[in-house]
Amino acid sequence: MPAALSCRRARGALAAGTVLAVGAALAGAPTPASATPSASLVVNEVYGGGGNSGATYTNDFVELANRGDSSVSVDGWSVQYHSGGTTGSWQVTTLSGTVAPGARYLVAEAKGAGGTQSLPDPQAGGTIAMSATSGTVALVHDTAALTCADSASCQSASVDLVGYGTAAINETSPAGGASNTDSVQRTDKADSDDNSADFTSAAPTPGADNTGGGGGGGEPGPLRIHDIQGGDWLSPHDGDQVTNVPGVVTGVRGSGSSRGFWIQDPTPDSNPATSEGIFVFTSSPGVSVGDSVLVSGSVKDFYPLGSGETVATTSNLSVTEISSPTTAVLSHRNTLPAAEVVGPATVPGTYAPDLGGGDIESTHVDPSRSALDFWESREGMRVEVDDARVVGPSNSFGEQYVTTKPAQAATYRGGTELLAENATPSGRIEVVPANGGNPGVSVGDVFSGATVGPVDYSEFGGYTIAATTLGSVRKGDLPPVRATPQEAGQLAVATYNVENLARGDPDTKYQRLAAGVVTNLAAPDVIGVEEVQDDDGATDDGVVTAGRTLTRLTDAIVAAGGPRYEWREIDPVNDSDGGQPGGNIRVAFLFNPDRVSFVDRGSSTVDRSTTGTSVVKVKGKPALSLSPGRVDPTNAVWDDSRKPLAGEFRFQGRTVFVVANHFDSKLADQNADGRFQYPAQSSAVQRSGQAHVVHDFVGDLLAADRKADVVVLGDLNDYQFSPALSVLRTGTADASGAPILDDLITTLPVDQRYTYVFDGISEVLDHILVTSGAGRAEYQVVHVNAEYTDQTSDHDPQVVRLQP
């Protein structure tokens with residue numbers, strides 16, 4: 001069964017949609033028998049695969065349609081089912097109500113264990129378990145069970161009769177093609193009393209209506225989709241009721257919190273800024289791809305909202321939708337509007353315009369100005385990307401990113417790279433299968449052939465292709481990186497964010513982290529580890545110790561063939577360092593005592609969670625007053641954030657100072673894919689303050705010894721070209737000061753400068769910086785996580801080998 005798709009959109013109660021079937025209205029009243037072709041109430045669709053393996057719908061159903069021009073009361077009528085052989089009895093579901101001209105009447109039957117989507121609200125219901133492949137359905141002007149067992153007798157006793165599969169009871173010959181995934185559906189031509197000629201098989205299309213009204217008839221209303229979308233970012237008809245908007249259904253999302261369907265007008269206007277597609281939001285789509293429809297409802301510019309956000313505060317862009325819809329189906333199996341092929345030269349090279357922080361939704365849409373404008377002008381429309389290379393791996397929701405510009409800012413392993421502030425690669429676009437599937441792809445894989453679907457906008461911001469057709473996956477089999485082992489005279493120092501490592505995590509996480517340390521990092525001498533949780537994980541009960549978590553990690557490293565690492569860390573004040581509530585994440589040192597020794601300094605009675613370490617001199621050489629110690633932990637720049645951990649190590653007679661960090665995250669920043677361009681980065685102020693504290697601490701060490709060996713490392717949550725990294729290196733945000741630290745990521749070739757993949761962008765968040773006294777540096781980023789769908793952590797570790 002396909003996985004349920006979740007767009008994770010914050011919405012109110014799901015709105016139910018009404019679907020009408022408008023066919024050729026043929027004169028005539030129903031009669032108790034169908035010795036002649038029926039011209040009024042007929043069996044329109046039969047589906048016995050509900051709830052079976054591979055099924056979309058959870059229930060079997062029978063659908064009736066009134067093909068006449070007068071309402072028909074079905075009080076005292078029934079739908080009956082027979083297994084289709086020459087023996088056995090008929091099962092009965094009674095009906096009631098009235099079926100209006102052109103309307104459909106849905107009869108729900110037995111529910112199975114499979115399926116992902118409930119039926120639209122039916123007008124009648126029973127418990128008949130119908131066969132998916134073979135059986136007979138009769139529409140009867142009575143509620144007594146039929147007793148006939150041959151085609152002629154049963155046809156005479158019924159208003160309409162449909163046999164399918166190998167059913168012996170049928171009209172002339174049975175309809176073919178019924179299965180777990182396909183129903184038999186009446187075609188638009190007049191009833192000929194030959195089931196095989198009157199029915200075809202296709203994906204089930206249950207529709208329900210018990211009023212016969214609301215669709216406004218079969219004529220298009222005054223507005224087309226491009227009128228509703230308009231040439232601006234917000235609809236000129238936001239909040240208006242619209243009637244009979246014409247379009248062809250191009251995609252259906254039948255699961256998740258944002259159900260509905262897309263329609264597109266096959267007759268576009270000449271304005272390149274106006275989209276011809278739109279999403280219809282309804283909990284009961286009741287339509288199929290290829291249906292020609294008229295949609296009435298309320299126009300709404302919907303904003304996906306994150307936790308605590310309002311329409312006024314969100315930086316996400318809006319999506320123009322029609323909600324609370326009534327949908328009239330005019331015909332089935334229409335040719336879809338051609339998908340626009342998006343190639344390397346199609347999307348502008350600029351991702352977003354610089355509006356000085358202004359709201360792009362206050363400007364006119366200009367599809368030649370930026371990628372954001374381009375995708376907005378195609379919102380809801382079908383697009384196609386051929387042979388799309390994956391630049392962001394699949395996550396648990398089946399979301400992944402591809403590039404339409406394969407040569408743009410390409411990394412050496414197939415990603416697409418962030419090379420400057422506000423320089424999002426414009427070719428990158430999210431892809432989400434509309435059916436809820438998860439292709440499980442990694443960076444460098446390719447969706448071979450055509451990936452096609454309407455353009456949507458995700459909850460977390462950013463345009464996406466809701467893929468109704470997904471190219472076949474061609475695996476790139478990207479090999480994990482292995483670091484070069486350190487030589488006897490080299491000190492290997494690494495950093496690794498282990499993503500909320502909790503003692504209760506499964507064995508597999510510990511085993512894979514251990515393998516990464518031993519095999520991929522080549523067992524470094526010292527590791528700065530970020531995001532180590534306390535001993536009971538996210539349980540918020542005052543526990544702050546992490547000894548059991550670190551014991552489990554170091555035991556796993558030994559089991560993987562690595563050394564018996566020792567550790568040093570300082571327990572934080574409960575719930576004061578940010579991260580997952582109750583987790584008390586912190587940074588820690590692991591070190592191999594066979595290669596390096598840790599210098600423990602300071603009184604054991606000192607509260608090291610709140611007392612900072614300082615630079616002192618011991619025998620004329622710099623040392624730490626507290627080792628391990630925190631750097632200025634009560635400074636306001638560390639509020640609700642991790643405090644740096646400083647340690648003094650000895651390696652082959654050398655003293656090496658290591659400062660492990662985990663700076664404030666970017667969660668408070670505006671969405672780079674959203675309204676405000678360029679987006680405000682409010683968190684950058686705190687990171688710059690944190691960087692200044694660490695810079696000054698390193699400066700104190702260098703003031704005591706200008707050749708001091710200092711390594712600053714960790715998840716700094718910022719880019720190599722950011723103000724925070726400039727402050728850390730030089731003490732100034734504009735890099736006008738003299739650098740005291742070298743950021744080793746900048747020594748790599750440009751196409752290798754990344755440690756993290758976020759929303760399809762390869763970027764730098766993790767760093768190792770060294771003073772000149774640290775010696776000759778051999779540096780590697782070890783790609784084992786960020787590019788892969790199967791991740792142990794979302795960060796890649798890195799290691800430096802230092803030679804005096």
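Computed quantities for the displayed model
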read-out	value
Cα point-scatterer Debye curve for the range 497-634, base-10 log of I(q)/I(0) at q = 0.12, 0.15, 0.21 Å⁻¹	-0.51, -0.78, -1.27
Solvent-accessible area per residue, Å², over the range 119-174 with all protein chains present [probe radius 1.4 Å]	36
Order of exposure, largest accessible area first, which applies to His783, His695 with probe 1.4 Å	His695, His783
Accessible area per residue in Å² at 1.4 Å probe, computed on the range 355-446	29
Folded to 0 to 90 degrees: helix 547-559 orientation relative to the chain principal axis, Cα	90
Probe 1.4 Å, accessible area per residue of the range 697-780, Å²	34
Reciprocal mean inverse distance between Cα atoms of the range 230-379 - Kirkwood radius, Å	16.5
Alpha-carbon Debye profile of the range 634-688, log10 I(q)/I(0) at 0.20 Å⁻¹	-0.78
Kirkwood hydrodynamic radius (C-alpha pairs) into Stokes-Einstein, the range 692-748, 10 °C and 1.306 mPa s, D in µm²/s	136
Using alpha-carbon coordinates, inclination of helix 683-704 to the longest axis of the chain, degrees	20
Whole-Å distance, taken between Cα centres, linking the range 670-698 and the range 539-558	31
DSSP-loop chymotrypsin sites (Phe, Trp or Tyr not before Pro) across the range 379-424, with at most 15 other Cβ within 10 angstrom	Tyr412
Listed peptides 346-353, 517-524 by packing density, highest first (mean Cβ within 10 Å)	517-524, 346-353
Exposed GluC sites (Glu not before Pro) absent - longest run of the chain, DSSP non-H/G/I/E/B, at most 16 other C-beta within 10 Å	488-804
Along each principal axis, Cα extent of the range 314-393, largest first, Å	48, 35, 27
Calculated FRET efficiency for the pair Glu361/Thr267, C-beta based, R₀ 41 Å, to 0.05	0.90
Shape parameters for the range 325-474, alpha-carbon atoms, Rg then Dmax in Å	15.9, 52
DSSP-loop trypsin sites (Lys or Arg not before Pro) across the range 428-475, with at most 13 other Cβ within 10 angstrom	Lys475
Largest-first principal axis extents of the Cα set of the range 558-688 (Å)	56, 39, 28
Centre separation in Å (Cα based) which lies between the range 280-355 and the range 629-667	47
Solvent-accessible area of Leu305 with every protein chain in place, 1.4 Å probe, in Å² to the nearest 10	40
Gap separating the Cα centres of the range 376-453 and the range 45-76, nearest whole Å	39
The chain, accessible surface, carbon-and-sulfur percent (1.4 angstrom probe)	51
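The values are calculated or read from the model by the stated rules, or taken from the named source; none is laboratory data. Here the structure is a predicted model, which is why all the values come from computation and not from measurement. Here the Cβ is made from the backbone with ideal geometry for all residues, glycine too, and neighbour counts use every protein chain on show. Just the protein is used for accessible areas: all its heavy atoms, side chains included, with ligands, DNA and RNA removed. Shrake-Rupley method; radii C 1.70, N 1.55, O 1.52, S 1.80 Å.
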